[in-house]
Structures are given as structure tokens and as C-alpha cells.
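Remarks on the structure that follows.
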Amino acid sequence: MQEVGQQIGKVIGQQTGQQIGKVIRSETGQQTGQETEEGFSKEDRKLLTRDQFLNAYREMLLIRRFEEKVAQLYSMGLVCGFCHLYIGEEAVATGIKMSLRDGDKVITSYRDHGYMLALGVEPRRVMAELTGRVTGCSRGKGGSMHMYSREKNFYGGCGIVGAQVSLGVGLAFANRYRGTEEVAVTCYGDGANNQGQVYESYNLASLHKLPCVFVIENNRYGMGTSVERSSASHNLYKNGEPWGIPGLQVDGMDVAAVYDAARKAIAYCREGKGPYLLEMMTYRYRGHSMSDPARYRTREEVDHVRKTHDPIEHIKRVLMEDDGVEENVLKTIDEEIKAIVNDAAEFAQTSPEPESRELYTDVVLEV
Amino acid sequence: MATEVLMPALSPTMTEGKLVRWVKKEGDNVTAGDVLAEVETDKATMEVEAVDEGTLGRILVQAGQSVPVNTPIAILVAQGEKVPDHIATKPLAPNKTTSENTTQPQRSTSSSIADSLKQGVTESVEKDWGETQEMTVRDALDEALAIELQRDPDVFLMGEEVARYQGAYKVSHGLLQKFGEKRIIDTPITEHGFTGMAVGAAFAGLKPVVEFMTMNFAMQAIDQIVNSAAKTLYMSGGQIGCSIVFRGPNGAASRVAAQHSQCYASWYSHIPGLKVIAPWSSADAKGLLRAAIRDPNPVVFLENEILYGHKFPCPVDEDFILPIGKAKVERVGKDVTFVAFSIAVTIAMEAAEALAKEGIEAEVINLRSLRPLDTETIIQSVRKTNRVVSIEEGWSFAGIGSEIAAQVMEQAFDWLDAPPARVTGADVPMPYAANLEKLALPCAEQVVDAVKKMM
């Protein structure tokens, strides 16, 4: 583990952009030497079947095209407020979703569109929430940061950095209280990782041996502050150690690696062994939110990750090289996704706004 | 030389102690630090140690007896010395069988609450629940918890010292034995974390009761109460509800100074999505805590440490429950309306009693719920009396009294014969010194003065 720590330290340090692919996995982070694709594990390619990779490709592409459309609608003034896009991080939500089973619960931060889509909420309803229409998943009352799906066991969509971590422990508590084998996946960023309640949550989850998978989506910047400038601990996956929580660092750009790690962590929780911590090394291509000019990193850093370690390009390559999928099959999927996203955008622009009387509904439940 | 061993004050609110058992007997030699006896306070059973060496000459208070703090409980004499005759023949303390303390707040006058209750009480339009029995607020809360825990397996209690310790203020006394560790859960001192955990469990459909040792500590968790518990139903378009109770002693106790003596009534009452309750009597406590636990919304339940040991008549009917959002007219009057909640109702009742002697009849409204606020009862009363005084322990600025004054002016301006008056805590952090603390808290005399100014 010591070696890993040193390696990661290097990556998170000055040479960031150039090295993202090399290190990213604690177990099999060997370098591949390919110019076009750095650091993706060859082993991980065998973890998923052709169909699983195809599905993952479809899901991740949906998230990306959806988010690109959101950016477009935002620039047109149709989506407003704080809006945090998931572009670049698609493999994390997708890989986690693949490892879940019915009844498992998920909660995350305000960067939540990707999770809604990955968990199977209709793109129309997500987009309509973004445009503040009554057909949105929160009937237009939540917006980008506050999306939920009781049906899909998705509990938000939490706008307060780090608050979802103890809420997620509560979801796990409810699973345990009811004697089910369901787990709660609690996602947060490297920025939230510095909140005090995260450590209160580690303690509580471990004390009660709760089935909670903590997932740190380490996209390396909490808004504009890099991990090395905000956290004295540079190995976030080790932060649960004092509480006896095992941790794993994962290439969060590799959907197979995410799936594999999440599957292991979830199995550990289901067996009643207590919480598990995953650090997903990922990267967001866009600013923290729509209003972030992202001057804290170079254009080259972003471009380098895009060119050499993009999660979607990676699947595409796996499908074509290993599974012999023809390019036109992927093209067809691209077209389908484009149609779904355009339909969602159309729906979101033509749906009515909530009626005025909605202002006073859902404040409290009537007894 | 004979020295008296006194009933010690072992907690800030203890005014009386029950001698559970003597560890030493008359004639035993003791040295400083030896345990003489065990005493039950309003919070726990504690040991009384000898501070001098000598012989336990005479025991003045027998096991099972309760006596006020500073009452001599035994006489210590020098080894070999005899107990002086005047002490040896002194009669023992009168046997008082009640084990519950009957503490009165230092600032209250001698008239007891039970007496006030008998004066001019009408049950307003409230359902008559029949037979009552005297019960402390503490026991009423304990019973409400036990009944609701029994009734609904999704209800559980969590907080610091609620289980093995039996509750820092003994409210959860006996619950661990009845319901086990799965449902009566001790937490670490980690308000922010365990409150978030409870709210998450409520999102998933459980019905947690979160005890804060005092509401002062809930400030560590206020983000989870306001941003998570209160707002998620709205933000999710009605998908994710949060049935949860946040409860604990609120406001001033006694001599615990600024960080442990704050009233949070107006803080929580400000938040749409929360319900806020502040019971006064045992009936309020029992009936409303049961309603709070059953309510599908987040409820902040503000108790009062001093009231825990007070006895009030409480209906014995096993279905007894009170509606949230309904105030109670505790005393009917025609000249002025007092609007109060929690321990301020005691002050209002005392002031009403004092004014009655001068021929002024005050109507006393016990709000019970602060959000929703029963403005109907207030306005009806003010239209009858034409004067209103609000009484609260909290600060005046942006306090509950400010809201009541605003509501009265909006809805009964033409009925008013005088501007609404507010009797509140002083606009300062709570001081420690006894005289200053007394000055910082509202009292009946201030209410009487306020009334006289407006008559």
C-alpha cells in the first residue's frame, strides 16, 4: 500500500494531467505504454461481457450527450441556477449502477444528473426538472441540485457539501434495522471529504457495522482547490483506516474497474462486515459549475485526460478491439442516444411550468 | 465537635434528594472520602462522601426519605465524642414518601402550579379525557415514548446516554430494558453525524426520535434539521418525506450560563417544513409527544429541564393524544390575554393569580405548538380582552412574542386598547451569577407591571 501512496502523491502533485492514467489503480496500476490510451488495465477488460460493455457504452454516452445538451440549454437561459455537470465522470455512476441490485439505495451530492440517468430515471423527467417544469422529477421545485427518485431508491441530490454522507449512513442504518441485505452507496467528492461529518459518519457506520459503501469521487478539485491544497491526507481511500474501514483506490475512468471494485465493496457490506470505502480517481472536463472559468488548471491538463484517458473512448476501443463490434453498431447507438436527448430537451421546453398553487404544496404532509 | 452532614446539591437543578440507603451506620468511624450514603437526585443516584473524619454520631434522615438540599442528614462527631443531647433527642426529618422531586424554579413564587390550575380553569373546547393522575413531565414523556415504541416497530430512540445511562435527565428511564439495544440506541457525542444518520433513516421510512442532551447541542446539527429534514419533501416534489422527532430540554435550566441556557423556539419556528412544539404540563408533554412521533413530518419538540420534575394532572386514558397546532386556554379572563409557552406558562399563571387579587382577570393561553401557531385562539381571546402580553424566556428580538404582536396587529388591530407588550429574557447571553441570572429571566412581576401600564 505504501508504494501506491507514493505513486498517487506524484500524480496528485505537479504532474497531474500528464499522469492521470498511469497510476490510477491500487492493485493493477501498471503502465501500458500506449500513446493513445494511458494506464487502463488490460485485465479489467475481461471483467465485463460484450453486452455489459455495450450497455455501459450506451449509459455513459447518454449521460455525456445529456450533459452537453444541458450546457447548451443553460447557455440559452433555459436551465438556470447552480448546475454541475458530470462530463468526464460517467464511468463512476455507471459502474456503480451495474453492481447494484433492487432495493439498494444511492445518495450523492448536487452533481446528480448522471446518477439519475444511470439509475434509470427517464431523461425527459430529469431534463424537465432542469428547466423547472411540472413534469420534472421534483415537479420543478428542486432543480439541478435536488433530484430524487423514490422508485429507483435514489435519495438525492444533496446541495450541502458533505451532508449526504451522514444521510447515506442513515439509509444504511434503515437497511440494517429492517434486517435486509440491501446496501447504501454514499457518494461525495474530494472536497466534501474534508467535512467533519464525514468522519463522524465513518465512526457511526463502523460502530454499527452498517452496510454503507462510501464512494469518494476524486475529480481532483473541490471547486477550484486541488486535493493537495485542501487535504493533508493524499490517500483518501485510506482515510477510513482508523475506524477499521477497508479502502480501495480505483480507476474511476474505467467502468470495468469501477464495477469490479463496487461489486467487491457491496459484497463485503452485504455480508454484514461493515462499511467500505472506495476512492474513484476521476476527472471532470467542465468547470465545477456552469459559472466556473476553471483557471486553476491548464487547458492542456484537461485535453490530455480527454485524449488519453476518456472513459467512453476507452469502452469504444475495448468493444472494437476485443469484442469485434463494428463501428456502425456504435454509430447506431450514438444516433439513438442523440434522439433520446433531443426528445428530452424538447419535452423540457414544451412542458408547462408548475401552477401557482404548487408554491404551497409539499411543504408538510397532511396528517 | 459535632458537624452536620448536609443533603448535597448534586446537579444544577436539584432542590431535593432522596436518601436511597446508608452505607455507614451510626457508630461507624469514617475518614474523608468514605462513602456515607447514596442519594437519588433529579438525574441520577450519586454517592455522598464524608468530608471530615470522625464517627457517624446520628442519622437524621432514614433511607427512603426525601429532603431539600442543605437539610442535615447526619451528625458527625469526633472519635470518642458523644452526640450532644439537643441533637440526640431532635426529632427525625418528617417522612416524605414521594420519590419525585417537586422542584420549583428559583424565580417562581410560592403558589404552586396545581393551585393555579384550580383557579378559573376551563378545558376550553378540548376533548374531555376523563380521569387524570398526578404525574411529572419526565414520566409523561417516558410513557409517551414507551407507548409509541410499543405501537410502531419503525419508531426508535437515539441520542447520547439514552440507553444504558437511562437518559441524562432520566426521560428514557427503563426503555432499554423494555425495548432492547436495537431500538434504544446510545450514540457517540457526534450530533452532526447522528442527526444526519437519523434523517437518512427517516428518508428511508423509519421514525426516529432523536434526543439532544440539550437543544443547545443541536446547533451542531442544525444544518441537517433545516436543510435536510425540513426541506427535502419540498425539494423532491413530495417524494421523500421525513417523519422524525428532534427533542430535548430547551432554554435556561439553572446556573449553567450562556452556552447551556438558550431558547431556540424562534429559530426553529422560522422554518417552513418543520413543526415546533413546546409543552408545559405533563398532559401537553404526553399528548403532544405521541402526536409528534406519529406525525409524518419533522417535529422539533422543545422540553424544559426545570419542568421535568414538576407534577401536573395527566389523563390516564390509554388513547390520550393531543392535536398539534392547538393552543389551550389554561385560565379564562376578560381583561388581558397572556400568551406563553413552556415554562413561561408558569409565569403567566402566577401573574394572573397576582392580578386576580387586584380584580384584573387575565386569560392565559398555553400555546403548546409554535408552528403551526394557533392564531385563531389568540385572536379570539384578544378580541375579547383587548390587550395582549406575550411571555417567553427567549430573547425579544425576532422572538415568538414579535410574531404574536405582528399577528395580533394584523388580525385584531381595531380591538386593541393598548399596544401589545412582550415580557422576555434580557437581551444578553445568560450570566452565571445567581442575581444576574434572575434578572435575565422573565418573572411574574414584570408581567404584572406590563399589564398595569396598559390598563
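The values are calculated or read from the model by the stated rules, or taken from the named source; none is laboratory data. Fair warning: this is a prediction, and the values are worked out from it, not measured in the lab. With ideal geometry, Cβ positions are generated from the backbone for all residues, glycine too; neighbour counts draw on all protein chains shown. Keep in mind that these areas ignore ligands, DNA and RNA; they rest on the heavy atoms of the full protein, side chains included. Shrake-Rupley method; radii C 1.70, N 1.55, O 1.52, S 1.80 Å.
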Selection count, region A:201-228, where residues are touching a Phe, Trp or Tyr at 6+ places or on another chain (Cβ under 9 Å) and of a type in the set (D, E, K, R): 2
Among the residues of region B:333-375, write down those that are more than 17 Å from the chain's Cα centre (by Cα) and either hydroxyl-bearing (Ser, Thr, Tyr) or closer than 18 Å to B:Leu289 by Cα (or both). B:Thr337, B:Arg371, B:Pro372, B:Leu373, B:Asp374, B:Thr375
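Here is a list: B:Lys334, B:Lys326. Which entry is within 14 Å of chain A (Cβ to nearest Cβ), under 27 Å from B:Asp417 (Cα atoms) and touching an Asp or Glu at 6+ places or on another chain (Cβ under 6 Å)?
Just one listed residue meets the conditions, B:Lys326.
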Looking only at region A:347-367, which residues are outside any loop (DSSP other than H, G, I, E, B) and either open to solvent by 100 Å² or more (accessible area, probe 1.4 Å) or more than 9 Å from chain B (Cβ to nearest Cβ) (or both)? A:Phe347, A:Ala348, A:Gln349, A:Thr350, A:Ser356, A:Arg357, A:Leu359, A:Tyr360
Just need a number here: residues in region B:213-224 that are buried (at least 24 other Cβ atoms within 10 Å of the Cβ) and more than 7 Å from chain A (Cβ to nearest Cβ). 3
Does region B:284-305 contain any residue that is open to solvent by 20 Å² or more (accessible area, probe 1.4 Å) and either within 14 Å of chain A (Cβ to nearest Cβ) or aromatic (Phe, Trp, Tyr) (or both)? yes
Restricting to helices (runs of 4 or more DSSP H) lying wholly in region B:131-204: which have 2 or more residues that are within 13 Å of another protein chain (Cβ to nearest Cβ)? B:191-203
Helices (runs of 4 or more DSSP H) wholly inside region A:91-206 that include at least 1 residues being open to solvent by 10 Å² or more (accessible area, probe 1.4 Å) and closer than 30 Å to B:Asp186 by Cα: A:163-177
Please determine whether any residue of region A:79-96 is more than 14 Å from every other protein chain (Cβ to nearest Cβ), over 21 Å from A:Ser149 (Cα atoms) and of a type in the set (A, V, I, L, M). yes
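With the condition kept exactly as written, say whether any residue in region A:75-88 is farther than 13 Å from A:Phe154 by Cβ, among the aromatic types (Phe, Trp, Tyr) and under 10 Å from the mean Cα position of the chain (by Cα).
Looking for residues that are farther than 13 Å from A:Phe154 by Cβ, among the aromatic types (Phe, Trp, Tyr) and under 10 Å from the mean Cα position of the chain (by Cα), one finds at least one in region A:75-88, hence yes.
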Tally, over region A:258-304, of residues that are at pLDDT below 95 and in a helix (DSSP H, G or I): 6
Might you let me know whether region B:261-274 holds any residue that is within 14 Å of another protein chain (Cβ to nearest Cβ) and among the hydrophobic types (A, V, I, L, M, F, W, C)? yes
Out of curiosity, is A:Arg111 more than 14 Å from chain B (Cβ to nearest Cβ), touching a His at 6+ places or on another chain (Cβ under 6 Å) and closer than 30 Å to A:Pro293 by Cβ? yes
